[in-house]
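Undergrad: Sharing a structure below in structure tokens format, with a few things to ask.
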Amino acid sequence: CPHATATNNKGIMNAISSVAVACGQDWRAVEAGAHAYSSFEREQYSPMAEWSKDNEGNLVGTIEVPMAVGLVGGAVTVHPGAKANVALLGIKTANDLAKCIAAAGLAQNLGALRALATVGIQAGHMKLHLRNMATSVGAEPDEVEAVVSLAKKSGERITVALVEDALRRVREGN
């Protein structure tokens, strides 16, 4: 299904683009190349990642995307953050960087598939969003889980006002 494939590939590219930006790469070129390859090379828009089991029953993931990255010139040589990130990853060659970036995309895809097979993407996003909301209304780290729990138990639509009320109730001991 092309719509599911687009969503699947978008998630992969979220990780790929993030690492590319962090390492001073032209993430727009990387993203354009990956989507074009997924459309053109396979004659229809296709998933960038594939999953299977090997003969021993192990899960095996593969990803195939073109990766136009480099370590000479551009932001990677002048931006301190990009230089630090490349060094932190232990990257010595453009090929190593390409593999690292692709691996991030594959890892993100595995996380998304796990979420789909368990609690679902929406539930996972909402749980994270609710924690972020609790923090944004002033909940201390030791209060966040209680605020999240009260807000969820209410059964109401999650709003800032609801989360603020949950925090007030936690602090009042209710």
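Undergrad: Taking the chain as the reference, fit the longest principal axis to its C-alpha atoms, fit the long axis of helix 121-136 to the helix C-alpha atoms, and give the angle between the two in degrees, 0 to 90, nearest 10.
TA: 60 degrees
Undergrad: A further question follows. Can you tell me the 0 to 90 degree angle between the C-alpha axis of helix 27-40 and the longest principal axis of the chain, rounded to 10?
TA: 70 degrees
Undergrad: Given a 1.4 Å probe and every protein chain left where it sits, what share in percent of the accessible area of the chain is carbon and sulfur?
TA: 57 percent
Undergrad: Also, quick follow-up: Tell me which of 11, 163, 173 sits at the most positive position along the dipole axis of the chain, charges placed on C-beta atoms (Lys, Arg +1; Asp, Glu -1).
TA: 173
Undergrad: So how long is each side of the range 52-152 along the principal axes, counting just the alpha-carbon atoms, biggest first, in Å?
TA: 52, 45, 19
Undergrad: Restricting to DSSP H runs of at least four residues, report the calculated mean residue ellipticity at 222 nm for the chain, -39500 (n - 2.57) per run over all residues, nearest 500 deg cm²/dmol.
TA: Computed ellipticity for the chain at 222 nm equals -21000 deg cm²/dmol.
Undergrad: To two decimal places, what compactness ratio does the chain give when its Cα radius of gyration is scaled by 2.2 N^0.38 Å?
TA: 1.32
Undergrad: While we're on this one: About its Cα centre, how strong a charge dipole does the chain have in debye, to the nearest 20, once Lys and Arg get +1 and Asp and Glu get -1 at the Cβ?
TA: 200 debye
Undergrad: Oh, and also: Where only protein heavy atoms count, and the probe is 1.4 Å, what is the accessible area per residue for the chain in Å²?
TA: Spelled out: the 1.4 Å probe surface of the chain, per residue, equals 61 Å².
The values are calculated or read from the model by the stated rules, or taken from the named source; none is laboratory data. These numbers come from a predicted model, not from an experiment. Using ideal geometry, Cβ is built from the backbone for each residue, glycine included, and neighbour counts are taken over all protein chains shown. Please note that ligands, DNA and RNA were not included when accessible areas were found on the heavy atoms of the full protein model with its side chains. Shrake-Rupley method; radii C 1.70, N 1.55, O 1.52, S 1.80 Å.
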